[in-house]
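Since the structure comes first, as structure tokens, the remarks are kept for the end.
Read-outs throughout are calculated quantities, based only on the coordinates presented, and are distinct from any laboratory measurement. The structure displayed is predicted, hence computed values, not measured ones. Cβ coordinates were reconstructed from backbone atoms using ideal geometry, including for glycine residues, and neighbour counts include every protein chain displayed.
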Amino acid sequence: MEPIQSSLKKYMEDAGWEGRLQQLQDSVLSEKRVHDWLHRHQEELVDGAVQQGMAALYEYKNSWKNCDQCPGLEKCPNPMPGYQPELYPEHGQIQMRYHPCSLKIAADRQKKQEALVKSMYVSAEFKKASFENVETDETDGRAIAAHQAFEFAREANPGEDGQGLYLHGMFGVGKTYMMAAIANKLADRHIQSLLVYAPEFFREMRQAIGEGTVNEKIDAVKTAPILMLDDLGAETMSNWIRDDVLGAILQYRMTEKLPTVYTSNWDYEELEEHLAYSNKGGEERMKAKRIMERIRPFTSELYLAGRNRRET
Ligand code: ADP
Ligand code: MG
């Protein structure tokens, strides 16, 4: 009887498989990422490692091809959706493992935050907010504010540049709407922002004391690539909220160069005044100044003028 090896070989030759296999291998080995990796690691591989690792190299090449044409996390065609392969040498052989991609990391983070911080806006509420709909014809100031907000959304660079925005103006002029438009524009650039309604967040923090979740909640908020604090100063803050919650968050963001966007009915001076009066009635100018030192130098002040859009 013919040995199985040679009959298989003959069968493959007949079917033209050997040629096709060779073609496939060539296409794997000539792919740029594979080629570069093999070049970098050739010293670490034993003879025959490339042949043995061919299946891994093939999967590596195909998964990265998917990533290069990423259709979004929901439609990820990789064997493990949201994961990207990396190659590494081990005992002279080619090995492969998967790590989560940046979209997957951001999505997991978002889920964790949603579970943790109840006072954050769910993005769906503001999905439609966009700069195209921000009306700028009423006053020149509005156009300038919208333009600067747009520039921020286009250029913000968390971790490298901690400059944010301080958007103030009367009730109903569209501050929250503009903030959401910034968040949506940032999302187009795959930069994640966390939008929290400040008065609700501070209430939530007071409750968190009893639940023992203060630190986790502070951590989730302070580490957001872009933090948006909506309606700061709309409530009377306790000393604890001002110094140990807001102060701690802003201190961290300042040192890590993470931009913060604020909206408020107050301008800087009025906010400082507001922060100086705690709910216990005492006056604490130095503490208020300290908070303002974390806000004022790290934001551009934008005044949003216009009519109250809630009244039409
Ligand atoms: P503020 O935060 O300044 O009090 P909002 O952003 O909440 O004001 O805006 C007030 C109302 O006007 C909201 O209902 C908001 O959806 C709507 N609004 C604001 N700006 C726009 C806009 N450019 N296009 C459509 N609706 C807007
Ligand atoms: Mg608002």
- Note on the structure: With x for Gly and Pro, the residue-by-residue ³J(HN,Hα) of region 154-168, computed from phi through the Karplus equation 6.51 cos²θ - 1.76 cosθ + 1.60 at θ = phi - 60° and given in whole Hz, is 7, 10, 3, 9, x, x, 10, 9, x, 6, x, 10, 10, 9, 10
- So how far apart, in nm, are the two label points at Arg189 and Gln25 if each is 7 Å from Cα heading toward Cβ? 4.7 nm
- Query: Which of the residue pairs Lys185/Lys287; Lys65/Lys185; Lys185/Lys289; Lys118/Lys185; Lys111/Lys289 have a Cα-Cα distance greater than 25 Å in the structure shown?
  - Reply: Lys185/Lys287; Lys65/Lys185; Lys185/Lys289; Lys111/Lys289
- Query: Among Gly16, Gly53, Gly92, which one shows the biggest mean-square fluctuation in a GNM of the chain, springs joining Cα atoms closer than 10 Å?
  - Reply: Gly16
- Note on the structure: The extension gain from Arg33 to Asp219, computed as 0.36 nm times the residue separation minus the Cα-Cα distance, is 63.2 nm
- Message: Run the paramagnetic zone check for Asn308: 7 angstrom along Cα to Cβ, then residues of region 133-177 with backbone nitrogen under 16 Å.
- Response: 169-176
- Note on the structure: A convex hull over the alpha carbons of region 31-100 yields, per residue, a volume in Å³ of 76 Å³
- Task: Evaluate the relative contact order of region 176-279 (contact order divided by residue number), counting alpha-carbon pairs under 8 angstrom at least 6 apart; express in whole percent.
- Result: 31 percent
- Expected vector for region 291-301, Karplus 3J(HN,Hα) from phi with 6.51, -1.76, 1.60 and θ = phi - 60°, integer Hz, x for Gly and Pro, equals 5, 4, 5, 8, 9, 4, x, 10, 9, 9, 7
- Message: For a quick check: with amide H placed at 1.01 Å from N, whose amide H comes under 5 Å from Leu165's, ignoring anything fewer than 5 positions away on the same chain?
- Response: Thr260, Val261, Tyr262, Ser300
- Message: Given a Förster distance of 45 Å, report the FRET efficiency between Glu284 and Arg97 from their Cβ-Cβ distance, rounded to the nearest 0.05.
- Response: 0.25
- Relative contact order computed over the chain (Cα-Cα under 8 Å; 6+ residues apart), in percent: 18 percent
- Can you list the equivalent-ellipsoid semi-axes of the chain, largest first and in whole Å, using the square root of 5 times each Cα gyration tensor eigenvalue? 55, 22, 16
- Task: Find, to one decimal place in angstroms, the Kirkwood hydrodynamic radius of region 85-224, where the mean of 1/r is taken over every pair of different Cα atoms and then inverted.
- Result: 17.7 Å
